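The values are calculated or read from the model by the stated rules, or taken from the named source; none is laboratory data. Everything quoted here is computed from the prediction, not taken from an experiment. So basically every Cβ, Gly included, is an ideal-geometry build from the backbone, and we count neighbours across all protein chains shown.
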Amino acid sequence: MRVILLGPPGAGKGTQAATLAEKENIPHISTGDILRQHVAEATSLGQQAKSYMEAGDLVPDDLILAMIRDRLTQEDTKQRGWILDGFPRNVDQASFLEQLLWEIEQPFDYAVNLEVPDETLVTRLLQRGRDDDTETTIRRRLQVYREQTAPVIDFYRQRDRLQSVNGDRSMAEVTAALQGTLQENPSTAGK
Ligand code: ADP
């Protein structure tokens, strides 16, 4: 199963993706997690990405695209699939992914958008308290989301491949709803 999980910062993508990855026994590919790992290890990528992440801005595409190509061409993704969390985050990334998946012959099955209202997002992010979860960065991340990431939803909607799940519920309820969506026939997805 190959799943693209979309949604604003604080929507619970990370938690839900981890849960589903475990249940489905597929790799959870989180660009945020991969980047934080690079920052922690002070790799060249990490050093270049750090300031953008701290500001709540997107890390430039030239860094991200190489990273995702590298990850999606690793052996473990060929077996049972993957769940993508945090990518694509702008329309150029979505176009790149479309081309890459075509190249490696791994079409995705579902693009699912986790819908959560703004008030809930801010509360959740402030509670989470990760290093980049200050009020200023949160505001910036939500702005970046609206300007650059929200159009990705239309990208999949235009291709008739978008499904939506209400993420403004308890974690278990959202997991159940997501699982329900992923059991539907992908060829009828979004219809
Ligand atoms: P959140 O939980 O707020 O959605 P993530 O853990 O997904 O955050 O990402 C944290 C930060 O990593 C982002 O604010 C951004 O700077 C960077 N990042 C993650 N994924 C991408 C991406 N696909 N393109 C550009 N930057 C990214």
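The rows are residues; the columns are (1) surrounded by fewer than 15 Cβ atoms within 10 Å (Cβ to Cβ); (2) closer than 22 Å to Lys78 by Cα; (3) more than 14 Å from the ligand (Cβ to nearest atom); (4) in contact (Cβ under 8 Å) with a residue 12 or more places away in the chain.
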position: Gln93; (1), (2), (3), (4): no, yes, no, yes
position: Gln106; (1), (2), (3), (4): no, yes, yes, yes
position: Tyr110; (1), (2), (3), (4): no, yes, yes, yes
position: Leu121; (1), (2), (3), (4): no, no, no, yes
position: Ile138; (1), (2), (3), (4): no, no, no, yes
position: Glu147; (1), (2), (3), (4): yes, no, no, no
position: Ala172; (1), (2), (3), (4): yes, no, yes, no
position: Ala176; (1), (2), (3), (4): yes, no, yes, no
position: Leu182; (1), (2), (3), (4): no, yes, yes, yes
**Message:** Please go through segment 84-127 and give me each residue that is of a type in the set (D, E, K, R) and within 17 Å of Ser30 (Cα to Cα), ordered by number.
**Reply:** Asp85, Arg89
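Would a scan of segment 76-85 turn up a residue that is surrounded by 14 or more Cβ atoms within 10 Å (Cβ to Cβ), closer than 18 Å to Ala150 by Cβ and either within 11 Å of the ligand (Cβ to nearest atom) or modelled with pLDDT under 95 (or both)? Explain how you work it out, then say what you get.
Of segment 76-85, the ones surrounded by 14 or more Cβ atoms within 10 Å (Cβ to Cβ) are 77, 81-85.
Keeping just the survivors that are closer than 18 Å to Ala150 by Cβ gives 84-85.
If we keep only those that are either within 11 Å of the ligand (Cβ to nearest atom) or modelled with pLDDT under 95 (or both) too, we end up with 84-85.
Yes, segment 76-85 contains a residue that is surrounded by 14 or more Cβ atoms within 10 Å (Cβ to Cβ), closer than 18 Å to Ala150 by Cβ and either within 11 Å of the ligand (Cβ to nearest atom) or modelled with pLDDT under 95 (or both).
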